[in-house]
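S.K.: To start, I am sharing the structure in question, which I have written as structure tokens.
The values are calculated or read from the model by the stated rules, or taken from the named source; none is laboratory data. This is a predicted model, so every value here is computed, not measured. With ideal geometry, Cβ positions are generated from the backbone for all residues, glycine too; neighbour counts draw on all protein chains shown. Each accessible area value is taken on the protein alone, full model and side chains, heavy atoms only, with ligands, DNA and RNA left out. Shrake-Rupley method; radii C 1.70, N 1.55, O 1.52, S 1.80 Å.
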Amino acid sequence: MPKSCRAPHCSNAAGQPRPLARRLSFYKFPLQDAARLRQWLAHMRQENWVPTRHQHLCSDHFEPSCFQYRWGVRYLRPDAVPTIF
């Protein structure tokens, strides 16, 4: 099953054609970090929803400052919280 974004009103999915400058990546919910997970869900306005380990948010919901680059690969910072919805 291809990855798709679980954010409300977002239809982004893996494999969709996009310009290279707007490449898409997907990030799992921080299920092992309860405080950070609460922040993610609060920003999504989904406080009463519990994500599974198979659900993701796409990179479109994170500010550029939420990413770090190593060896040309984009990683989500460990303290990143999605803010764009």
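S.K.: Can you give the accessible area of Cys10 in Å² (nearest 10), computed on protein heavy atoms with a 1.4 Å probe?
M.R.: Its accessible surface works out to 30 Å², give or take rounding.
S.K.: Expected output is a single nm value to one decimal: the length gained when fully extending between His9 and Gln68, i.e. 0.36 nm times separation in residues minus the C-alpha distance. What is it? Each step should come with its number before you reach the end.
M.R.: Working: separation 59, 0.36 × 59 = 21.24 nm, distance 2.65 nm.
Result for the pair: 18.6 nm of gain on full extension.
S.K.: Tell me, in nm to one decimal, what length is gained between Trp49 and Leu24 on full extension, where the rule is 0.36 nm per residue of separation less the Cα-Cα distance? Each step should come with its number before you reach the end.
M.R.: Numbers: separation 25, 0.36 × 25 = 9.00 nm, distance 2.42 nm.
Taking 0.36 nm per residue and subtracting the Cα distance, the gain is 6.6 nm.
S.K.: Taking the chain as the reference, fit the longest principal axis to its C-alpha atoms, fit the long axis of helix 34-44 to the helix C-alpha atoms, and give the angle between the two in degrees, 0 to 90, nearest 10.
M.R.: With both axes taken from Cα atoms, the answer is about 70 degrees.
S.K.: Quick one: putting +1 on the C-beta of Lys and Arg, -1 on the C-beta of Asp and Glu, what dipole do you get for the chain around its Cα centre, in Debye to the nearest 20? Show your work: numbers first, answer last.
M.R.: Numbers: 13 positive and 5 negative charges, 53 e Å.
That gives a dipole near 260 debye.
S.K.: Given a 1.4 Å probe and the protein chains all in place, what does the accessible area of Ser25 round to, in Å² to the nearest 10?
M.R.: 30 Å²
S.K.: Another one. Most fluctuating residue of Ala13, Ala34, Ala42 in a GNM of the chain with Cα springs under 10 Å: which is it?
M.R.: Ala34
S.K.: Which residue, chosen from Ala80, Gly15, Ser25, occupies the Cα position most advanced towards the positive end of the dipole of the chain, where the dipole is computed from +1 (Lys, Arg) and -1 (Asp, Glu) charges on Cβ about the Cα centre?
M.R.: Gly15
S.K.: Please work out how much accessible surface Asp79 shows to a 1.4 Å probe, ignoring ligands, DNA and RNA, in Å² rounded to 10.
M.R.: So the heavy atoms of Asp79 present about 120 Å² to solvent.
S.K.: Using helices alone, what [θ] at 222 nm do you get for the chain, with -39,500 (n - 2.57) per DSSP H run of 4 or more residues, divided over all residues and rounded to the nearest 500? Could you put the intermediate results ahead of the total?
M.R.: On the way: 1 runs with 11 residues, N = 85.
Computed ellipticity for the chain at 222 nm equals -4000 deg cm²/dmol.
S.K.: Specify which labelled value, from (1) 16, 46, 30, 9, 0; (2) 16, 53, 28, 3; (3) 16, 40, 27, 11, 5, 1, 0, agrees with P(r) over Cα pairs in 10 Å bins from 0, in percent derived from the coordinates of the model shown.
M.R.: Correct label, based on the coordinates given: (2).
S.K.: Turning to a different aspect of this structure: For the stretch 1-84, give me the percentage of DSSP beta bridges that are antiparallel, rounded to the nearest 5 percent.
M.R.: Values: 8 of 9 bridges.
About 90 percent, rounded to the nearest 5.
S.K.: Among all stretches of the chain without exposed trypsin sites (Lys or Arg not before Pro) (DSSP loop, at most 13 other Cβ atoms within 10 Å), which one is longest?
M.R.: Numbers: sites that count: Arg23, Arg45, Arg53.
That would be 54-85.
S.K.: Under the Karplus relation 6.51 cos²θ - 1.76 cosθ + 1.60, θ = phi - 60°, what is the ordered set of whole-Hz ³J(HN,Hα) values for the stretch 14-19, x standing for Gly and Pro?
M.R.: Per-residue couplings from phi come out as 4, x, 6, x, 8, x Hz.
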